[in-house]
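Structure first, commentary second.
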Amino acid sequence: MTTAAAAVYDPQLPGGAPAVAASARQVTKSYGAGETRVTALDAVDVDIQRGRFTAIMGPSGSGKSTLMHCLAGLDTVTEGRIWIGETEITGLKDKQLTRLRRDKIGFIFQAFNLLPTLNALENITLPMDIAGRKPDQAWLDRVVETVGLSDRLRHRPTQLSGGQQQRVAVARALAARPEIIFGDEPTGNLDSRSGAEVLSFLRRSVDELGQTIVMVTHDPVAAGYADRVLFLADGVMVDEMHAPTADSVLERMRRFDGKRTS
Amino acid sequence: MLLKTSLRSFFAHKGRMALSLVAVVLSVAFVSGTLVFSNTATSTFDTLFASTASDVSVGPAEPELGGKDTRAKTRTVPVDSVRKVAAVPGVKTAIGQVTVENATLADPATLKKVGPTTGAPTLVGNWVDSPRSPVEITSGHVPQGPDQVVLDADTAKKAKLGLGGKLRVIVNDNRDFTIVGIAAFKTTNPGAALAFLDTATAQSVLLGGPAYTSVEVYGDGSRSDEQLKSDALAGLGAGFEAKTAAEQKADGQKSVGSFLDFMKYAMLGFAGISLLVGGFLIINTFSMLVAQRTREIGLLRAVGGSRGQVNRSVLVEALLLGLAGSTIGIAAGLGLAVGLIQLMNAIGMHLDASDLKIGADVFVAGYAVGVVITVLAALVPALRASRIAPIAALRDHGTPVEARSNTVRAIIGLVLTAGGGGLLVLAAGAEKAATGGRLLGLGVLLTLVGFVVLGPLLATTVVRVLGALLPTLFGPSGRLAQRNAMRNPRRTGATAAALMIGLALVIGASVFTSSVIKSTNNQIDSSVGADYIVSAGPNGVSPEIVAAVRQTQGVDHTTEQKYLEAYFTAPDGKTEKNGISAVTARFTEDFRLPVKEGSPDSLKQGALAIGEDYAKDHGLKVGDPIKVDYGNGRVQSLPVGVVMTKGNQLFDGNTFASLDTVSKAVPAADQPVDAILFAKAAAGADVARTLTGLEDALKQYPQASVRDQAGYKDLVQEQVNTLLYMIYGLLGLAIVVAVLGVVNTLALSVVERTREIGLLRAIGLSRRQLRRMIRLESVVIALFGAVLGTALGLAWGITGQQVLRTQGLETLAVPTTTILLTLGASVVIGLLAALVPAFRAGRMNVLAAIATD
């Protein structure tokens, strides 16, 4: 996967349906200039497959969050190009980026995902409200049911537990049927039981609803729920693993740490 | 250490402090500006009076009756009194002086009046070589001979008259003079117009014969002024009165004093408003600073800081703010005083701005007001801050829960508001206006405090109603704005309170003024049958003017009204001084007297029309006799013919009698000229054309003016306008401070909600939608304040009108336009206040915002 360095990218598969939901080519992100220049991402290439659950892992400072932010259009790149679906987002203006996030991307943050002034249902439909679209009621019902929140829709975030709040956040990300959902350590603030709940729900939304999910995490257990794990170190893509388990990821991370410390 | 923390915190919150600073600065500026202005004005006039007053001024004794009636003939002292006074030991010089106030100056070429239009007097007299003359000739020479006049420079300049120009002096006849000299004030010109003739001419033209109006005495220094005064009076015998320099000065100050007092109270009103509203702003600012620093304070407490230390650190910040605000405020106050002085100059009262009198009182009052208010306002949040439990503060995100205090607050607020409302109802129903007024004052205070206390609770309900349309009208931004405005009711309530107070005062006052205008107009419509009203200033309407009016085509008849003073003795034996209006026979046709008892026709049979209050005080009814004593042994007994209902400003306080009746006691030669003249258009005559005819006929009498009924109503309106302009001034100020308050609240909310804003932007809220959300929240807060203010103001204004319903304010007028404009203005206030916070929120970096702690 690190071998494909084509300057022109064709996201179409022979079958017609695009198999790649997002991709980055030679993406470099650096801060500062001259002596104090810090490179967070160094010519990274990546493809996110449609309908799959991808995890991005790496030690702190590896650039995993920066990569996700760039892929999601929340941050600008110094060099390189990024596509979401068929749209190239590098070079888009704030207005277009905002619309892209609104229409094509779902977000789940580590904490503070919900507006305290809106109840659970209002939070779930917020992206569609902002876009001025009517939610697809059947889909919404299905999402709400899958997340198991049917009886808590009128609750305000402060009346929900941490796990429930994250589930609402997941439901919000799903409700607008975005092309891709980005999760930034979505279980980072949860206890292991609530975390497992949210992760298995993410897993189901990929399996049953066909959703594409990219998740940044440093927790091997969380990464174990993914179809594929990408490993990032010092701003460079160093490895990937298909059909991971918590143990295999942990094993890989250990080696990784060993290599770093050696 | 603590001081260091306070200082750091003070400078770390420069922006928010700056807003509160403006509030302090405004209040202090108004207080100190008022003081500097009145100090300067007082000192200016002190200098003026001190430098121009003679040691003793001897004049004719004030008669008991008619003393204040400027239309009465000018009273004089005989020519030989100068000689008599000069003979008094210790007198160096005695100068006979002629000065009259009842002359009108005009430009004979244009027939335009020359002189002040502001109510300052026009003084015409003889030119004398007095050692303390207020003026000196700057060009030309002193008046010599029967056709020469000297005019003061300011008046000449304003009227574009110069040496060689013509000036008409109108007393009873017109006399034209040539300007041979221009005189300039040696000290400050208080705004009067001065014209000088030579002594013989002054005597004949102004007084009708050889006499003086006063003898000015200058001593040789061997005796005190008091001594000179009593010696001079002893030498002259009865019928004279004398004033020492000090007494003249006191008199002079009294006459300018009332105007300066009005200015002073108006300014203090502004200061009061800015203090009140500013106080809220300061409370708000510090509440927010404390809320923002909950964690910091918790940490301070956790590492061992005592409650007292936390209190002190907040209060020290307040002290710094108060000191800074007062210092800038005093400086701004100086500027304000200079501005006021310029304004006074523009309207004809000349004060010297280069000679500002800044007393110690300015600094004492300025710092006291600024520092005390700021520290008091910060005390509440400071106490609240120190009550925060250390660990709760560390855990918490800084929004204190206030469930219990809400119940207490609701009870207190409801009790206050209900009590205030009850007082207002009582006031509206009160029999006596004075009682009603006291109840009204107390009711206003209680309802105001009640509303301020209830504010946060009302915020939840009223904002829900106000905001109900937002989601429909403005989509998601509208909904978010509505929820945001409701999420911290205490803050919304306090922010809106600033605006509420200002608008309540403005609306209350404008209900009052429009009721005054409407009531008076109604009274004019219902009781004035005359078409035209002719007045001629302090000179009164001379017989020539009356003749000119009568001869104008289209005029059917005229009604003359003369004004005399007399002692009334009722059958109960009590005597009091009263004014009496003597009217010609057709008065009862031109005016509909508000009859409570009796018949207006009885006036023709020699009866009196008296007011309801006078009748009640003395138990009078129709037919009872009243002894009327005009002085000089002229006494008559007149029966009561009409008791007039009170509540009509045209008749209240007046007593009417027919001129024929009065003439039986006071011979025509001793009667004053007409105070006012009414004219009725002939049946079928063109009312508008007749007005033009009257104006043409009166052109050669510059002192006279004619108005039709509409013009008369305009006059009433003009008098009320002064009050209205002050109200608009207050409105402006209230708006400025309210905008600052809303800006403050929004700025803090934006900071507090950084993460929320980041989240919203991440999930697709556009910058435009975000800005709109903040603007709408701001508008909702402003509208909330405006709605509460309007409700309070209406309650106050309507009660005020009810209280005065028997005093002539019988018709209620609600100024719908003003209210709608005010509500519209509050939307604009909201939009203005949101400008900067919305701009800032829009510029926030999405990633940084989400990552904020």
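Computed from the coordinates by the stated procedures, all read-outs in this text should not be read as laboratory data. These numbers come from a predicted model, not from an experiment. Here the Cβ positions follow ideal geometry from the backbone for every residue, glycine too, while neighbour counts run over all protein chains shown.
Summary table below
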{"item": "Net length gained if the chain between B:V303 and B:E62 were fully extended (0.36 nm per residue, minus Cα distance)", "result": "78.6 nm"}
{"item": "Extended-chain gain in nm, criterion 0.36 nm per residue less alpha-carbon gap, A:R177 and A:A246", "result": "22.0 nm"}
{"item": "Dipole of the protein assembly as shown, positive end: most advanced residue of B:T460, A:V221, B:I727 [Cβ charges, Cα centre]", "result": "A:V221"}
{"item": "For the protein assembly as shown, size of Cβ-based charge dipole, Lys and Arg +1, Asp and Glu -1, in debye", "result": "3840"}
{"item": "In range of the label at B:E544: residues from the range B:669-699 whose backbone nitrogen is under 18 Å from the point 7 Å along Cα→Cβ", "result": "B:673-677, B:694-699"}
{"item": "Local electrostatic count at A:L97 - Lys and Arg +1, Asp and Glu -1, tallied over other residues with Cβ under 12 Å", "result": "+4"}
{"item": "Length added when fully stretched, B:I358-B:K160, from 0.36 nm per residue minus Cα-Cα", "result": "67.6 nm"}
{"item": "Spin-label pair B:Y567/A:R193, simplified geometry with 7 Å Cα→Cβ offset, distance in nm", "result": "10.4"}
{"item": "Cβ-based exposure ranking for A:I56, B:I735, in which fewest neighbours within 10 Å come first", "result": "B:I735, A:I56"}
{"item": "Overall form of the protein assembly as shown per C-alpha gyration tensor (a/c, 1.5; a/b vs b/c)", "result": "prolate"}
{"item": "Net dipole in debye of the range B:58-244 [+1 Lys, Arg Cβ; -1 Asp, Glu Cβ; about Cα centre; nearest 20]", "result": "420"}
{"item": "Computed E for B:D46/B:L715 - FRET, C-beta separation, R0 35 angstrom, nearest 0.05", "result": "0.50"}
{"item": "Sites A:T76 and A:R156 - FRET efficiency at Förster radius 30 Å, r taken between beta-carbons, to 0.05", "result": "0.30"}
{"item": "Anisotropy class of the range B:58-244 from Cα gyration tensor, a/c 1.5 cut", "result": "prolate"}
{"item": "Estimated FRET transfer efficiency when R0 is 22 angstrom, pair A:E86-A:Q49 (beta carbons, to 0.05)", "result": "0.90"}
{"item": "Per-selection Rg to Rh, the range A:124-227 - Cα, Kirkwood hydrodynamic radius", "result": "0.95"}
{"item": "Neighbourhood charge, 13 Å Cβ-Cβ cut-off, centred on B:A427 and excluding it, Lys, Arg +1 and Asp, Glu -1", "result": "+2"}
{"item": "Distance between modelled label sites at B:S526 and B:V415, nm, 7 Å Cα→Cβ extension", "result": "4.4"}
{"item": "Fewest-first ranking of B:M726, B:M267, B:M500, using other Cβ atoms within 10 Å as the exposure measure", "result": "B:M726, B:M267, B:M500"}
{"item": "Set B:K186/B:K357; B:K596/B:K621; B:K160/B:K186 screened for pairs whose C-alpha atoms are more than 18 Å apart", "result": "B:K186/B:K357; B:K160/B:K186"}
{"item": "Exercise: per-residue mean of other protein chain Cβ atoms within 10 Å, A:110-119", "result": "5"}
{"item": "Test item: B:165-171 mean partner chain Cβ contacts at 10 Å", "result": "0"}
{"item": "Test item: A:124-137 mean partner chain Cβ contacts at 10 Å", "result": "3"}
{"item": "For B:S139, net neighbour charge (Lys/Arg +1, Asp/Glu -1) across residues whose Cβ lies under 13 Å away", "result": "-1"}
{"item": "Gyration tensor verdict on the range B:537-703 (Cα atoms; rounded if a/c is under 1.5, prolate if a/b is larger than b/c, oblate otherwise)", "result": "prolate"}
{"item": "Zone of A:D136's modelled label, taken as backbone nitrogen in the range A:170-206 under 12 Å from a point 7 Å along Cα→Cβ", "result": "A:175-179"}
{"item": "Mean Cα-pair separation over length for the range B:58-244, i.e. relative contact order, pairs under 8 Å, 6 or more apart, %", "result": "34"}
{"item": "Relative exposure of A:E145, A:E197, A:E88, judged by other C-beta atoms within 10 Å (fewest first)", "result": "A:E145, A:E88, A:E197"}
{"item": "Simple label model, 7 Å out from Cα along Cβ direction - A:D207 to B:A238, nm", "result": "12.6"}
